[in-house]
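Student: Just passing along the structure, written as structure tokens.
The values are calculated or read from the model by the stated rules, or taken from the named source; none is laboratory data. Here the structure is a predicted model, which means the values were calculated and not measured. Cβ placement follows ideal geometry from the backbone for every residue including glycine, while neighbour counts extend to all protein chains displayed. Remember, those area values only see protein heavy atoms, side chains included, never the ligands or the DNA or RNA. Shrake-Rupley method; radii C 1.70, N 1.55, O 1.52, S 1.80 Å.
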Amino acid sequence: MSFSIFSNNDPLAGQNAIVTGGSRGIGKAIALSLSSLGANVTIAYKSNKDNADQVLSEINNLSKGIAVQTDVNNLENVSNLISNAEKAFGTTTILINNAGITDDALIMRMKEEQWDSVINTNLKGTYNLTKSVLRSMMKEKYGRIINMTSVVAHIGNLGQANYSAAKAGIIGFTKSTAKEVATRGITVNAIAPGFVETDMTKNLSEEQKKIILESIPMRKYATTYNIASAVCYLASKEASYITGQTINIDGGLVMQ
Ligand code: NAP
């Protein structure tokens, strides 16, 4: 006997997803996973067109997709992204706020630009996208919003005051937004990965990697698909009674 958490084989058929930062790393795994479950997927990327085109061709083997160059900090870019997605597929029903950057420095040495760029991409970007899709989700009386935070929002990290503040802000933003739209069929949740093997973590020194691994009860990093599978569940109709939550996917690093 086979068992599936989903009520059919194409649980996201007819759904239209936007994945920011869909050209690499975690966002790429999310985009491909959503599309393998039948969703139409629009990926937003900042500058890396070759990567975005490669992901797009993989999406088009599974379902349908488009890629739109977008700086999530910029409201005009975000409006352009959403209107392109709507023109291609109709109302956006799934939003994955995944685009993020780090720019580390100890707080005593952190420049204002480092603070601003990290807060703007991670936190303001999440606000820009969410606000822009909510009106049509409200009309539709349906929506799934999933915001990418990090375990450092809970535990802090040396050299990441800007990033931890942005990611902690995303958790508060998730809860407040979830309360505002809870009666409208829209859920808003966050995922907090621990350490995932992507471009973002590839420059850690061997010494840093060793220290990190020793702090993870499972003694291994997450794969991008460990994160994407939880996103797919939260993006599905089956997750209709989960909202305002932050789910840690971290091999046991943070236990609350
Ligand atoms: P990544 O490999 O560095 O990829 C970042 C993605 O974000 C790329 O697609 C990039 O586009 C896009 N992006 C960056 N700035 C953007 C902007 N201003 N506008 C639009 N897109 C932008 O990152 P990742 O490791 O997959 O991380 C994805 C998310 O998970 C981030 O929010 C990150 O903070 C979070 N996270 C990651 C880890 C980890 O261990 N990797 C842990 C916890 C949380 P281009 O390709 O065009 O540059």
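Student: Give me the one-decimal nm value for the distance between modelled label points at S240 and V254, 7 Å along each residue's Cα-to-Cβ direction.
Tutor: The answer from the label model is 3.1 nm.
Student: Which of L204, V118, S132 sits farthest toward the positive end of the charge dipole of segment 103-220, with +1 on the Cβ of Lys and Arg and -1 on the Cβ of Asp and Glu?
Tutor: The listed residue farthest towards the positive side: S132.
Student: Compute the whole-percent fraction of alpha carbon pairs in segment 84-148 spaced more than 14 Å apart.
Tutor: Details: 1314 of 2080 pairs.
Pairs farther apart than 14 Å: 63 percent.
Student: Also: Charges only on Cβ, +1 for Lys and Arg, -1 for Asp and Glu: so what's the dipole of the chain about the Cα centre, in debye to the nearest 20?
Tutor: Working: 24 positive and 21 negative charges, 123 e Å.
Its charge dipole is roughly 580 debye.
Student: Here is a follow-up. For segment 110-167, give the percent of accessible area contributed by carbon and sulfur heavy atoms, probe 1.4 Å, rounded to a whole number.
Tutor: On the way: 1350 of 2550 Å².
Carbon and sulfur: 53 percent of the exposed surface of segment 110-167.
Student: Treating the angle as unsigned and between 0 and 90°, give the value, to the nearest 10°, between the Cα long axis of helix 49-62 and the longest Cα principal axis of the chain.
Tutor: Relative to the chain, helix 49-62 is tipped by roughly 40 degrees.
Student: Please state the Cα pair-distance histogram of segment 182-223 with 5 angstrom bins from zero: what percent is in each bin?
Tutor: Binned Cα distances yield the sequence 5, 18, 24, 17, 8, 7, 7, 7, 5, 1.
Student: Residue separation times 0.36 nm, minus the C-alpha to C-alpha distance between A182 and D50: what's the value?
Tutor: 43.7 nm
Student: Applying 1/(1 + (r/R0)^6) with R0 = 30 Å to the Cβ-Cβ distance of L75 and E140, what FRET efficiency is obtained, to the nearest 0.05?
Tutor: Details: r = 22 Å, r/R0 = 0.73.
Computed FRET efficiency for L75 and E140 comes out at 0.85.
Student: Write down the accessible area per residue of the chain in Å², having rolled a 1.4 Å probe over the full set of protein chains. Before the final figure, lay out the partial values.
Tutor: On the way: 12810 Å² over 256 residues.
In whole numbers, the chain has 50 Å² accessible per residue.
Student: Which value at 222 nm does the chain reach when only helices count, each DSSP H run of 4 or more adding -39,500 (n - 2.57), with the total divided by all residues and rounded to the nearest 500 deg cm²/dmol?
Tutor: Numbers: 9 runs with 112 residues, N = 256.
Value at 222 nm, helices only: -13500 deg cm²/dmol.
Student: Any of K87/K141; K28/K202; K64/K87; K64/K141; K28/K49; K124/K167 with alpha carbons more than 18 Å apart? Name them for me.
Tutor: Values: K87/K141 20 Å; K28/K202 16 Å; K64/K87 13 Å; K64/K141 24 Å; K28/K49 13 Å; K124/K167 11 Å.
Pairs exceeding the cut-off: K87/K141; K64/K141.
Student: On alpha-carbon atoms, Rg over Rh for the chain using Kirkwood Rh?
Tutor: Working: Rg = 17.5 Å, Rh = 18.3 Å.
Result: Rg/Rh = 0.95.
Student: What order do you get for 73-81, 236-244, 104-112 when each peptide is scored by the mean count of other beta carbon atoms within 10 Å, highest first?
Tutor: Values: 73-81: 17.2, 236-244: 14.9, 104-112: 11.1.
Ranking the peptides 73-81, 236-244, 104-112 by packing returns 73-81, 236-244, 104-112.
Student: So, taking all protein chains as they sit and a 1.4 Å probe, how much accessible area belongs to V188, in Å² rounded to tens?
Tutor: 0
Student: Whole percent per 10 Å bin, from 0 to the bin with the longest distance: what is P(r) over all C-alpha pairs of segment 107-229?
Tutor: Result returned by the calculation: 12, 36, 33, 15, 4, 0.
Student: Between segment 187-209 and segment 33-77, what's the alpha-carbon centroid distance in Å?
Tutor: 21
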